[in-house]
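Can you read through this structure? Questions will come right after.
The values are calculated or read from the model by the stated rules, or taken from the named source; none is laboratory data. Just so it is clear, the structure is predicted and the values come from calculations on it, not from any experiment. Methodologically, a virtual Cβ is constructed for each residue, glycine included, from the backbone with ideal geometry; neighbour enumeration extends over all protein chains shown.
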Ligand code: ADP
């Protein structure tokens, strides 16, 4: 009877539910967008109640589409936008403020202040993170400071904090379970990734009463059961992981040195660093990948701000293409970008450059340049930026990964992936199931519920749809990368000049 795994994939712009069978086949998939709220310049909020309602809505709809009931679902897995911060009343379950989204920059000055107090090293060594408004701690502090009476109420034990996973678990269990997993906890800037506990010093620094924090449980296991009134019967919640970590798990990146890259709006690379966190000297972040039983896997993470978004810009900003997919045929109409490089530093550059003042540029134009060359250069920029992040990871870990696992919307582009393999000089693996994130949550749940006996069983079931093999000489590869680095150099520090 219990043959399905239900994944709740709570993203930044939409809530999705995918129901998988135990072979990882997608049986139904429903998605609903929700409101993005921008109350001030640089502020981003979500309505936590709307997130819950949309997530519940898509779950019910996905079950209805298949005509199945709760008794046919073995377990629920949750994966979510990370760092986004919610505080609610313990007695009513009502949020006291909107969810402050990871993208929100409102606490930038608070982060500057922490840096000028010399806290960078302290925070880095405990949490694996750089001080940034991105992470939950300063957002949590902001709500306690700006909602009247919130600090006193938190100290009296009347308020609860959660990232989106915790909020959904709380809602699903009818308020019975207040819990998170270490992949999410490690993005709050309050969690000690060495002791695997909330860090007492950081709680003191941010004046956060420990009672409002969720219990941290292994990513695969017991997160309670859904309230019977939601789906007619109780369903166990057995897997939880933040979106990027779930994607690495869904790609079977279980071994030290396994690495995946997601080509979405931005680009996100995660490398499994095994049972110890790696301290980066390249501006990468260390987080917990997942915990299964007592076994903890750590990851190194590097992100590229503008990845697939450069293709959106070609379409919507320049009108050079009509659809994202057209970028492939247009780029393929020329044998190379003919020396043109496009650096999409629209909002500065992330890892490994960390240059907030970099701006975009196109270099190497001649009278012979056509729109096809520019489109090709844009696609290649996605691959070059990814290569820079992988090089940073290799230098931090001394590991050369045997292959790069890929997913995300733009991984549909064969020309991009072939070029990526060419300049990395390693194979790329595109899985049959491109929904790695949702599958990661579903498979953590399946392991937790005993549907799968071990990660090894998952690996055996995992299928590659297409393999891309490097087809260029080292000399050619190095010449292309050298050109890219010259172009990047010209984009750096642009906004602070003149
Ligand atoms: P996200 O989850 O970050 O919103 P997706 O994983 O859905 O993003 O990927 C969407 C991104 O991929 C968009 O930025 C789009 O421009 C890009 N994209 C989609 N299809 C292609 C394609 N065939 N070639 C290149 N880029 C593409």
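Return yes or no: is residue 103 within 20 Å of the chain's Cα centre (by Cα), surrounded by fewer than 23 Cβ atoms within 10 Å (Cβ to Cβ) and under 20 Å from residue 79 (Cα atoms)?
In short, yes.
I would also like to ask the following. Could you identify the single residue in 293, 253, 224, 274 that is in contact (Cβ under 8 Å) with a residue 60 or more places away in the chain, more than 13 Å from the chain's Cα centre (by Cα), surrounded by fewer than 20 Cβ atoms within 10 Å (Cβ to Cβ) and more than 12 Å from the ligand (Cβ to nearest atom)?
Numbers: 253 fails: surrounded by fewer than 20 Cβ atoms within 10 Å (Cβ to Cβ); 224 fails: in contact (Cβ under 8 Å) with a residue 60 or more places away in the chain; 274 fails: in contact (Cβ under 8 Å) with a residue 60 or more places away in the chain.
Result of the check over 293, 253, 224, 274: 293.
Separate question: Select, from 140, 144, the only residue that is crowded, with 22+ Cβ neighbours inside 10 Å, touching a residue at least 12 places away in the same chain (Cβ under 8 Å), over 30 Å from residue 293 (Cβ atoms) and touching a strand residue (DSSP E or B) at 6+ places or on another chain (Cβ under 8 Å).
Working: 140 fails: over 30 Å from residue 293 (Cβ atoms).
Only one candidate qualifies: 144.
Among the candidates 443, 454, 473, which residue alone is within 16 Å of residue 255 (Cβ to Cβ) and exposed (fewer than 15 other Cβ atoms within 10 Å of the Cβ)?
After ruling out the rest, the residue left standing is 454.
May I ask you to list pairs of residues, at least six apart or on different chains, whose Cβ atoms are under 6 Å apart, with the first in the stretch 396-424 being touching a residue at least 40 places away in the same chain (Cβ under 8 Å) and farther than 12 Å from residue 470 by Cα and the second being in a strand (DSSP E or B) and within 11 Å of the ligand (Cβ to nearest atom)?
Close Cβ pairs (under 6 Å, with a partner that is in a strand (DSSP E or B) and within 11 Å of the ligand (Cβ to nearest atom)) amount to 407/262; 408/262; 408/263; 410/263; 411/263.
Listed residues 333, 329, 337; which is within 16 Å of the ligand (Cβ to nearest atom), more than 12 Å from residue 487 (Cα to Cα) and free of Cβ contacts under 8 Å to residues at least 12 places away in the same chain?
329
Considering only residues that are within 16 Å of the ligand (Cβ to nearest atom) and in contact with a helix residue (DSSP H, G or I) (Cβ under 9 Å, 6 or more places away or on another chain), which ones fall in the stretch 13-29? Please lay out each step first, then the result.
Of the stretch 13-29, the ones within 16 Å of the ligand (Cβ to nearest atom) are 13-18, 26, 29.
Scanning the stretch 13-29 gives 14, 15, 16, 17, 18, 26, 29.
Let me confirm something: among 360, 319, 350, which residue is out of contact with any helix residue (DSSP H, G or I) (no Cβ under 6 Å at 6 or more places or on another chain) and on the phi > 0 side of the Ramachandran plot? Give the derivation first.
Working: 360 fails: on the phi > 0 side of the Ramachandran plot; 350 fails: on the phi > 0 side of the Ramachandran plot.
Sole residue among the options that is out of contact with any helix residue (DSSP H, G or I) (no Cβ under 6 Å at 6 or more places or on another chain) and on the phi > 0 side of the Ramachandran plot: 319.
Within the stretch 341-352, which residues are part of a loop (DSSP other than H, G, I, E, B), more than 13 Å from the ligand (Cβ to nearest atom) and closer than 18 Å to residue 265 by Cα?
Result: 345, 347, 350, 351.
Take the residues in the stretch 390-410 that are part of a loop (DSSP other than H, G, I, E, B) and away from the ligand (no atom under 16 Å from the Cβ), then tell me which one is nearest to residue 264 (Cα to Cα).
Taking the stretch 390-410 as the starting set, the residues that turn out to be part of a loop (DSSP other than H, G, I, E, B) are 398-403, 408.
Keeping just the survivors that are away from the ligand (no atom under 16 Å from the Cβ) gives 398-403.
Details: 398: 27, 399: 25, 400: 24, 401: 22, 402: 23, 403: 19 Å.
Going through the qualifying residues, I end up with 403.
When residues of the stretch 306-340 are filtered for being more than 28 Å from the chain's Cα centre (by Cα), surrounded by fewer than 16 Cβ atoms within 10 Å (Cβ to Cβ) and in a helix (DSSP H, G or I), how many remain?
Residues meeting the conditions: 2.
Return the total of residues in the stretch 353-389 being more than 29 Å from the chain's Cα centre (by Cα) and either closer than 18 Å to residue 491 by Cβ or away from the ligand (no atom under 15 Å from the Cβ) (or both).
Total satisfying the criteria: 10.
What single numbered condition from (1) modelled with pLDDT of 95 or more; (2) surrounded by fewer than 22 Cβ atoms within 10 Å (Cβ to Cβ); (3) assigned to a strand (DSSP E or B) fails to hold for residue 32?
(1)
Then there's this: Would you mind telling me which numbered condition in (1) outside any strand (DSSP E or B); (2) over 26 Å from residue 443 (Cα atoms); (3) touching a residue at least 40 places away in the same chain (Cβ under 8 Å) residue 171 fails?
That leaves (2) as the condition not met.
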